[in-house]
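Participant: One structure coming up, written as structure tokens, with questions to follow.
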Amino acid sequence: MPNRLTLETSPYLQQHAGNPVDWYPWGEEALKLAREQDKPILLSVGYSACHWCHVMAHESFEDAAVAAEMNRLYVNIKVDREERPDIDQIYQTAHHMLTRRNGGWPLTMFLMPDGTPFFGGTYFPKAPRYNMPGFLDLLPRIAQAYHAQRTEINKQNQSLIAALADTAPKVAEAGAFSRAVLDKALAEYAQVFDREHGGIGHAPKFPHPYELAFCLRRHSLDADPTGLDIAHVTLTHMAEGGIYDHLGGGFARYSVDETWTIPHFEKMLYDNGPLLALYSDAWLVTQSPRYKAVCAETATWVMREMQSPVHANEGGYFSSFDADSEHVEGRFYVWTPEEVKALLTPEEYAVLAPHYGLAAAPNFENEHWHLRVNQPLPPGGDAILAPARAKLLAHRNQRVWPGRDDKILTSWNALMIKGMARAARVFDGPAWLASAQNALDFIRCTLWRDQRLLATYKDGKAHLNAYLDDYAFLLDALLELMQTEFRADDLAFAQALAERLLDQFEDKADHHGGGFFFTSHDHEKLIHRNKPGFDNATPSGNGIAAFALQRLGHLIGEPRYLDAAERAIRLFYGAMQRQPSAFVSLLTAMEEALTPPRIVFLRGEAAATRQWQRALQARYRPDTLVLALPADLQGLPPALDKPLPSENAAVNAYVCQGVSCLPPQSDLGTIERLLAEA
């Protein structure tokens, strides 16, 4: 019989709806049952594209004997960490405190009925192996400890709750921010940079798009070649490696080796949005043809496979693709030379095979080949490679596909909206811009209700109170969209999001020193309320909130936004000084608190302002916003409502920084010189 997960929107939870385990979603029903029956809670946290989550599900949660023990001894709760990052953050932190080991997924935690964890781990095999206890053996032992060792557990729980509370950031002493932390962060990246293969750190290697964007920004604003070296070498090796899908576009989540050859094959929306923006910026700096191709192929993949149909009144972006198909990781993506040879002409195979490494030894589990650039193409090889790749992609599309998690998350959509908007601006891609605007319009129509955001949507149902990341990332994405094509509705939406951020997320208690909680003031009460500062797989909500509020504050002349941003930066400044490379989002916000971004307002006839905008955005200027405001726009805030040009000029351009604006200019060359001199 299906369990209580059948009505959930999460594909991950629905995957477990047919388990013999009597799963509950997180909620009062399960917590109340645990209290009434005096049972511990078994909390299992994972996500749809997680390989080891599937392994544990097949081994244990689909097994009748294991399920019987779980149902007898526990109240069992299954959580999708993508829909409930608030719960995942708390219990990942608690896991680390209890075990002194890194967490991950699946996360397996044993809780008291009040939600306090007293034991935990990640993946447990059904029977003992990998020097790990068997899950079936562990279940009765943990339940017995819960009933027999209550006093010791309660004392441990008190210490744990105190330790969680102690993770709250402490406001730094008053004083000026220093640019020295920017230099220190870049030096820390240079110290762990793999100069041979690219990447920050060693295997397993993650893309780190925010750190690389910070390095590229340092090169641009400080003329530091170190930043460009780190970014350029890494992005080139990633684009040539197997972490990139050379047939379909898009990047996998990480590489298991230091050469970027074999990925963990899942594809996540939250990686590909920031990488799309980053490769677009890197192309402006380097003019690398490979970077341009990566952007075009990734944007095409997003629209082809990751966007819900606009004609069905949707348009949002899906969450991820699984690593597995037919219960085997990577099966969808790998090849044999014989299979490829049967699909191509001899001429095509002669070009493609050495280029993608099919002429070398197998690189995946000693029997298959995963495509990566192994050697350069011969002269004229591009014209032969393109149809060969198309044939392989068409054949691959006939295989059994990996599972796609088709829920639409507000925060991850915001990351992709920003990436698509940035790529559209850099490469003049109207279809990419339309894709981003469609996704934004879907969120505004479906997930923005009564001046509040919802976190997730699937199959006609939008629900769950949104988090800090949803508001901050979406505000940041709107600022990106407005620099690509200005729409008055987008500005109004940005202002509404900013007001809600301040109203529902900022810590206004004087002794806490500002900053933004991850959950809203009226959110469900959990055992801890987090204020995230450091960047993770996604950027810090506090960092992006501070960055976006500052930019919007300068844009419309709203000092409340600037003050809130400064309070957030101040709260984390002590931690930033100790380990700046963990806080690049907040560092970037701090840099713009020290030196406000330049904003170029273009007023005039629509076609002329767009022409000027394209010219001014043809160079990488990370500290500059360019907005083309057509003449017919009405009701703009006073800071944006600049006078229109006279009859003798097509465009008036205003260069502003902080509270100062230069006199209007009607000559494009003059504006370009002003920006270059700055």
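The values are calculated or read from the model by the stated rules, or taken from the named source; none is laboratory data. None of the values given here were measured: they were computed from a predicted structure. Positions of Cβ are backbone-derived with ideal geometry, glycine not excepted, and every protein chain shown enters the neighbour counts. Note: areas computed on protein heavy atoms with side chains; ligands, DNA, RNA excluded. Shrake-Rupley method; radii C 1.70, N 1.55, O 1.52, S 1.80 Å.
Participant: From Gln144, Gln156, grab the single residue that is surrounded by fewer than 15 Cβ atoms within 10 Å (Cβ to Cβ), free of Cβ contacts under 8 Å to residues at least 60 places away in the same chain and of a type outside the set (Gly, Ala, Ser).
Facilitator: Result: Gln144 is the single residue among Gln144, Gln156 that is surrounded by fewer than 15 Cβ atoms within 10 Å (Cβ to Cβ), free of Cβ contacts under 8 Å to residues at least 60 places away in the same chain and of a type outside the set (Gly, Ala, Ser).
Participant: Look at Phe517 and say whether it is more than 23 Å from Asp632 (Cα to Cα), touching a strand residue (DSSP E or B) at 6+ places or on another chain (Cβ under 6 Å) and either open to solvent by 30 Å² or more (accessible area, probe 1.4 Å) or modelled with pLDDT of 95 or more (or both).
Facilitator: No; evaluated as a whole, the condition is false for this residue.
Participant: How do the pairs read when you match residues in region 652-678 that are free of Cβ contacts under 8 Å to residues at least 40 places away in the same chain with residues anywhere that are open to solvent by less than 20 Å² (accessible area, probe 1.4 Å) and assigned to a helix (DSSP H, G or I), using Cβ under 7 Å and keeping only pairs 6 or more apart or on different chains?
Facilitator: Gln665/Ile671
Participant: Between a residue in region 22-35 that is free of Cβ contacts under 8 Å to residues at least 40 places away in the same chain and any residue that is in a helix (DSSP H, G or I) and of a type outside the set (Asp, Glu), which pairs come within a Cβ distance under 9 Å, given they are 6 or more apart or on different chains?
Facilitator: Glu29/Arg4
Participant: Could you check how many residues of region 298-340 are open to solvent by 30 Å² or more (accessible area, probe 1.4 Å), in a loop (DSSP other than H, G, I, E, B) and either modelled with pLDDT under 95 or among the basic types (Lys, Arg) (or both)?
Facilitator: Selection size over region 298-340: 6.
Participant: Hey, Asn530 hits all of (1) open to solvent by 10 Å² or more (accessible area, probe 1.4 Å); (2) in contact with a strand residue (DSSP E or B) (Cβ under 7 Å, 6 or more places away or on another chain) but one; which does it fall short on?
Facilitator: Unmet for Asn530, out of (1) open to solvent by 10 Å² or more (accessible area, probe 1.4 Å); (2) in contact with a strand residue (DSSP E or B) (Cβ under 7 Å, 6 or more places away or on another chain): (2).
Participant: May I pose another question? Being in contact with a Gly (Cβ under 8 Å, 6 or more places away or on another chain), touching a residue at least 60 places away in the same chain (Cβ under 8 Å) and of a type in the set (A, V, I, L, M, F, W, C) narrows it down to one of Val351, Val400, Val373, so name that one.
Facilitator: Only one candidate qualifies: Val373.
Participant: Moving on. If only one of Asp88, Asp80 is open to solvent by less than 10 Å² (accessible area, probe 1.4 Å), among the acidic types (Asp, Glu) and under 21 Å from Tyr270 (Cα atoms), which one is it?
Facilitator: Just one listed residue meets the conditions, Asp80.
Participant: Right, next: Pick from Arg598, Arg567, Arg621: which is closer than 30 Å to Thr167 by Cα, touching a residue at least 12 places away in the same chain (Cβ under 8 Å) and charged (D, E, K, R)?
Facilitator: Among Arg598, Arg567, Arg621, only Arg567 is closer than 30 Å to Thr167 by Cα, touching a residue at least 12 places away in the same chain (Cβ under 8 Å) and charged (D, E, K, R).
Participant: If a residue has to be in a loop (DSSP other than H, G, I, E, B) and either surrounded by 20 or more Cβ atoms within 10 Å (Cβ to Cβ) or charged (D, E, K, R) (or both) to count, how many in region 117-141 make the cut?
Facilitator: Within region 117-141, residues that are in a loop (DSSP other than H, G, I, E, B) and either surrounded by 20 or more Cβ atoms within 10 Å (Cβ to Cβ) or charged (D, E, K, R) (or both) number 4.
Participant: I'd like the residue in region 35-49 that is touching a Pro at 6+ places or on another chain (Cβ under 7 Å) and closer than 15 Å to Phe124 by Cβ and, out of all such residues, is surrounded by the fewest Cβ atoms within 10 Å (Cβ to Cβ).
Facilitator: Ser44
Participant: Only one of (1) within 21 Å of Asp476 (Cα to Cα); (2) open to solvent by 30 Å² or more (accessible area, probe 1.4 Å) fails for Ala607. Which number is that?
Facilitator: The failed condition is (1).
Participant: Consider region 212-236. How many of its residues are within 20 Å of Asn374 (Cβ to Cβ) and surrounded by fewer than 24 Cβ atoms within 10 Å (Cβ to Cβ)?
Facilitator: Residues meeting the conditions: 2.
Participant: Okay, next question. Which condition breaks for Lys205 when tested against (1) open to solvent by less than 50 Å² (accessible area, probe 1.4 Å); (2) over 25 Å from Gly357 (Cβ atoms)?
Facilitator: If we test Lys205 against (1) open to solvent by less than 50 Å² (accessible area, probe 1.4 Å); (2) over 25 Å from Gly357 (Cβ atoms), just (2) comes out false.
Participant: Shifting gears a bit: Under 7 Å between Cβ atoms, which residue pairs at least 6 apart in sequence (or on different chains) link something in region 107-127 that is of a type in the set (Ser, Thr, Tyr) with a partner that is assigned to a strand (DSSP E or B) and modelled with pLDDT of 95 or more?
Facilitator: Note: pairs meeting the criteria are Thr108/Ser44; Thr108/Gly120; Thr108/Gly121; Thr122/Leu107; Thr122/Thr108.
Participant: Does region 151-203 hold any residues that are on the phi > 0 side of the Ramachandran plot and out of contact with any helix residue (DSSP H, G or I) (no Cβ under 7 Å at 6 or more places or on another chain), and which are they?
Facilitator: Once the filter is applied, which keeps residues that are on the phi > 0 side of the Ramachandran plot and out of contact with any helix residue (DSSP H, G or I) (no Cβ under 7 Å at 6 or more places or on another chain), region 151-203 yields only Gly175.
Participant: Test Ala546 against the criterion of being open to solvent by 10 Å² or more (accessible area, probe 1.4 Å) and either under 21 Å from the mean Cα position of the chain (by Cα) or free of Cβ contacts under 8 Å to residues at least 40 places away in the same chain (or both), and give yes or no.
Facilitator: No; evaluated as a whole, the condition is false for this residue.
Participant: Would you check if Asp623 is closer than 21 Å to Ala477 by Cα and surrounded by fewer than 23 Cβ atoms within 10 Å (Cβ to Cβ)?
Facilitator: For Asp623, the condition - closer than 21 Å to Ala477 by Cα and surrounded by fewer than 23 Cβ atoms within 10 Å (Cβ to Cβ) - is met.
Participant: Now a separate question. Give just the number: which of (1) free of Cβ contacts under 8 Å to residues at least 40 places away in the same chain; (2) under 30 Å from Asp507 (Cα atoms) does Asp632 not satisfy?
Facilitator: Answer for Asp632: the failing condition is (2).
Participant: When the residues of region 629-671 are filtered to those that are hydroxyl-bearing (Ser, Thr, Tyr) and at pLDDT 90 or above, which remaining residue is surrounded by the fewest Cβ atoms within 10 Å (Cβ to Cβ)?
Facilitator: Looking at the filtered set, the residue picked out is Ser660.
Participant: Separate question: Could you run through region 635-675 and say how many residues are under 36 Å from the mean Cα position of the chain (by Cα), among the polar types (S, T, N, Q) and under 19 Å from Ala607 (Cβ atoms)?
Facilitator: So the count comes out to 0.
Participant: Ok, one more. Kindly indicate which of Ala593, Ala678, Ala615 is more than 28 Å from the chain's Cα centre (by Cα) and open to solvent by less than 70 Å² (accessible area, probe 1.4 Å).
Facilitator: Selected residue: Ala615, the only one of Ala593, Ala678, Ala615 that is more than 28 Å from the chain's Cα centre (by Cα) and open to solvent by less than 70 Å² (accessible area, probe 1.4 Å).
Participant: Looking only at region 342-354, which residues are assigned to a helix (DSSP H, G or I), farther than 20 Å from His237 by Cβ and either among the basic types (Lys, Arg) or open to solvent by less than 50 Å² (accessible area, probe 1.4 Å) (or both)?
Facilitator: Within region 342-354, Glu348, Tyr349, Val351, Leu352, Ala353 qualify.
Participant: Just to be sure before I move on: is Leu275 modelled with pLDDT of 95 or more and within 14 Å of Arg422 (Cα to Cα) in the structure I sent?
Facilitator: yes
Participant: What number of residues within region 159-200 satisfy the criterion of being part of a loop (DSSP other than H, G, I, E, B), of a type in the set (Gly, Ala, Ser) and open to solvent by 20 Å² or more (accessible area, probe 1.4 Å)?
Facilitator: Residues that pass the stated criteria total 6.
Participant: List pairs: first residue in region 231-242 and touching a residue at least 24 places away in the same chain (Cβ under 8 Å) and closer than 14 Å to Gly201 by Cβ, second residue open to solvent by 10 Å² or more (accessible area, probe 1.4 Å) and among the β-branched types (Val, Ile, Thr) anywhere in the structure, Cβ distance under 8 angstrom, at least six positions apart or on different chains.
Facilitator: Thr234/Ile200; His237/Thr259
Participant: Picking from Tyr91, Tyr74, which residue would you name as being closer than 25 Å to Arg529 by Cα and in contact (Cβ under 8 Å) with a residue 24 or more places away in the chain?
Facilitator: Tyr91
Participant: In region 210-251, how many are in a loop (DSSP other than H, G, I, E, B) and over 24 Å from Asp623 (Cα atoms)?
Facilitator: 9
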